[in-house]
Every structure is written in structure tokens, then in C-alpha cells.
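Single-structure report; data block below.
Read-outs: derived from the displayed coordinates by stated rules, not from any lab. What you see is a predicted model, and the numbers here were worked out from it, not measured in a lab. Positions of Cβ are generated from backbone atoms using ideal geometry, with glycine treated the same way; all protein chains shown enter the neighbour counts.
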Amino acid sequence: MRLLCDRLSNLTSSEVSITAETNLISELSIDSIKLLNLIMEIEDTFDISIPINALADVQTVHELASLISRIKSTH
């Protein structure tokens, strides 16, 4: 989760303190291109594949971290 928060803080110009409940879109202004770049980086880092359709329900940092964790545990 810490790695994810660090990467998100680098992607956004917002001075928002990033927590588990931080909304990726409304609070961090993460657009689809930034999100896809982040996903590709996560996939490379953890050697996993995140289905694009799985991102439809992801709104917060915690939801993204949970998705990554679920995929890692089945990989």
C-alpha cells in the first residue's frame, strides 16, 4: 500500500495527503491515461496482469490495493 501511495503522489500535482480512502479520480485527478500507466507499472513490478474490466469498480486507493492483492494471491 505504501508503494502505491508513493506512486500516486508522484502522478498527481495535488497536495492531498493520500490515505486508503482517497478517491483516485475526484481527489487525485487521476485520468485514464495516468491510471493505465500506473497499472502497467504495477503489473511489471509484481509480475501480474490486471484485467482492464476489473478497474471499473475501483475508486479508492484501498480498492486498488485490494484488487492488486487479490490478483497477486491467485498468481
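Taking the longest Cα principal axis of the chain as reference, the axis of helix 2-11 is set at about 50 degrees.
Taking amide H as placed 1.01 Å from N in the peptide plane, the amide H of T22 sits under 5 Å from that of V61, H62, each at least 5 places away or on another chain. Mind giving me the FRET efficiency for E15 and M40? R0 is 30 Å, r the Cβ-Cβ distance, nearest 0.05 is fine. Computed FRET efficiency for E15 and M40: 0.70. Each stretch of four or more DSSP H residues adds -39500 (n - 2.57); spread over every residue of the chain, this sum gives -16500 deg cm²/dmol at 222 nm.
May I ask for the Rg/Rh ratio of the chain, computed from Cα atoms with Rh as the Kirkwood radius, given to two decimals?
Numbers: Rg = 11.5 Å, Rh = 12.4 Å.
With Rg and the Kirkwood Rh in hand, the quotient comes to 0.93.
Phi-derived couplings, Karplus 6.51 cos²θ - 1.76 cosθ + 1.60 at θ = phi - 60°, listed residue by residue for region 61-75: 4, 4, 5, 5, 5, 5, 4, 4, 4, 4, 5, 4, 6, 9, 8 Hz, with x used for Gly and Pro. Across N53, N37, N23, mean-square fluctuation computed from a Gaussian network of the chain (C-alpha pairs under 10 Å connected) peaks at N53.
With only Lys, Arg, Asp and Glu charged, each at its Cβ (+1 for the first two, -1 for the last two), find how big the charge dipole of the chain is about the Cα centre; round to the nearest 20 debye.
About 140 debye.
Projecting the Cα positions of H75, F46, I25 onto the charge dipole of the chain (unit charges on Cβ atoms of Lys, Arg, Asp and Glu, taken about the Cα centre) puts H75 furthest along the positive direction.
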